[in-house]
Amino acid sequence: MENNKKELILKVTVEEGNMIFKGLGKLPFEEVYELIGKLNEQANHQLADNSNINNSSFDHLNNN
């Protein structure tokens, strides 16, 4: 994965994003923690940009 520097932009709903995090949470932590962190950071950044419109957040996922 480190050799492939191409980036993807995926558009999903908050509900679909939560489903992705739920699925990743079933995998071994040491294999997915960096990906979860990266996705969570991006999601929270996007949601903060739209905070006047939508108060949804993925922050609750960090508390599990």
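The values are calculated or read from the model by the stated rules, or taken from the named source; none is laboratory data. Computed from a predicted structure; not experimentally measured. Positions of Cβ are backbone-derived with ideal geometry, glycine not excepted, and every protein chain shown enters the neighbour counts.
Out of the residues in segment 1-43 that are assigned to a loop (DSSP other than H, G, I, E, B) and surrounded by 10 or more Cβ atoms within 10 Å (Cβ to Cβ), state the one that is farthest from the chain's Cα centre (by Cα).
The extreme case among them is LEU27.
Under 7 Å by Cβ, and 6 or more places apart or on different chains, what pairs join a residue from segment 32-47 that is over 16 Å from LEU8 (Cβ atoms) with one that is of a type outside the set (A, V, I, L, M, F, W, C) and not in a helix (DSSP H, G or I)?
ASN44/SER57; LEU47/ASN54; LEU47/SER56; LEU47/SER57
I'm checking my understanding of the structure. Among residues of segment 44-64 that are of a type outside the set (Ser, Thr, Tyr), assigned to a loop (DSSP other than H, G, I, E, B) and surrounded by 10 or more Cβ atoms within 10 Å (Cβ to Cβ), which one is modelled with the lowest pLDDT?
Across segment 44-64, the extreme among qualifying residues is ASN54.
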